[in-house]
Amino acid sequence: MKFTILIPTYNGSAYIEETLLSAINQTRRADTIIVSDDNSTDNTLEICSRYKEYVHIHKKENGPSGFVNGWNNAIRLVDDGYIAILHQDDLLAPTFLEEIEKAIKRADELGLATMVCADSIEEVKAIAKLGPNILVAEPSELIGTGKPADKEYVDEVIRVIREINADIKPFPSAGISKGEDCYNIIKAGSSASG
């Protein structure tokens, strides 16, 4: 089981050292720790570089791009395995990864399914590489609007998921408000809708 701790940063110098140490000092070590910086103007990267023996640092030169884009940029850096996103001003309990690994193994033993949400096609691609049982794809701007995603988005979600891992059940879902909407996504190939 592979674990990556992602730490998106932007001007986090007041907290980042303690955050990094909580990631580095796990009882079950992370396979990779990545800092994805959104072009900080303080000394966040200077502090992170003190731990370059443990941390991979990526700087987005044309930032800041905003909170959500910072996360998306960080997620794109991971190829496979499980991801823990750690805010630059939060801390992990020392046994966090150890406990998560136990929970995942136990869920597998019991046959529990995993379902993960994605927004953009880029997120769908990144998350599909992690191999959840169900991948819910929903453009966040459509959630709660009653307006379903367009056919091109639905078709692309299903195509991308099948191309990466045909065992994942695609569930494009934002804006579903009537039976016809559900019918259309099932007809398009959604196998986790009903």
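The values are calculated or read from the model by the stated rules, or taken from the named source; none is laboratory data. On a predicted model such as this, the values are computed, not experimentally measured, just so you know. Cβ: placed from backbone, ideal geometry, glycine included. Neighbour counts: every protein chain shown. SASA here: full protein model, heavy atoms, side chains in, ligands and nucleic acids out. Shrake-Rupley method; radii C 1.70, N 1.55, O 1.52, S 1.80 Å.
Taking all pairs of distinct Cα atoms, average 1/r, flip it, and tell me the Kirkwood hydrodynamic radius of the chain in Å to one decimal place.
18.1 Å
Compute, for R106, the solvent-accessible surface of its heavy atoms (probe 1.4 Å) with the complete set of protein chains present, and express it in square angstrom to the nearest 10.
Using a 1.4 Å probe on the heavy atoms, I get roughly 120 Å².
Skip the ligands, DNA and RNA, and give the accessible area per residue of region 1-123 with a 1.4 Å probe, whole Å².
55 Å²
Considering amide H positions built from the backbone, and no H for Pro or chain starts, which residues 5 or more places from A84, or on another chain, come under 5 Å of its amide H?
Result for A84 returns T4, I5, L6.
Can you give me the long-range amide H partners of T9? Hydrogens built in the peptide plane at 1.01 Å from N, cutoff under 5 Å, separation of 5 or more residues or another chain.
Amide H to amide H, under 5 Å and 5 or more residues apart or across chains, T9 pairs with S36, D37, D38.
Sticking with the crude label model, points 7 Å out along Cα→Cβ, report the distance from K129 to Y15 in nm, one decimal please.
2.7 nm
Accessible area, 1.4 Å probe, largest first: how do L6, L130 sort?
Accessible-area ranking of L6, L130, largest first: L130, L6.
Run the accessible area of region 27-183 with a 1.4 Å probe and give the carbon-and-sulfur part as a rounded percent.
Its accessible area is 52 percent carbon and sulfur atoms.
So what is the relative contact order of region 91-194, in percent, for Cα pairs below 8 Å that sit 6 or more residues apart?
Taking the mean separation of contacting Cα pairs over the length of region 91-194, I get 24 percent.
Taking a 1.4 Å probe, which of L20, L112 shows the most accessible area, and what order do the others take after it?
Result, largest first: L112, L20.
Return the long-range amide H neighbours of A118 (sequence gap of 5 or more, or a different chain), with a cut-off of under 5 Å between placed amide H atoms.
Amide H neighbours of A118, under 5 Å, 5+ apart: V136, A137, E138.
Sorted by accessible area with a 1.4 angstrom probe, largest first, how do K169, K151, K125 fall?
The ranking, largest first, comes out as K151, K169, K125.
Just from its helices, what would the mean residue ellipticity at 222 nm be for the chain, if runs of 4 or more DSSP H residues each count -39500 (n - 2.57) and the sum is divided by every residue, rounded to the nearest 500 deg cm²/dmol?
The helix-only estimate for the chain comes to -11000 deg cm²/dmol at 222 nm.
By the scheme Lys and Arg +1, Asp and Glu -1, what is the net charge of all other residues having a beta-carbon under 13 Å from that of I134?
Here the count lands on -1.
Expressed as a rounded percentage, what relative contact order does the chain have, with Cα pairs under 8 Å and six or more residues apart?
Taking the mean separation of contacting Cα pairs over the length of the chain, I get 19 percent.
Of K52/K102; K102/K129; K129/K178; K2/K60; K147/K187, which pairs sit farther than 23 Å apart, going by alpha carbon to alpha carbon?
Too far apart for the 23 Å limit: K52/K102; K129/K178; K2/K60.
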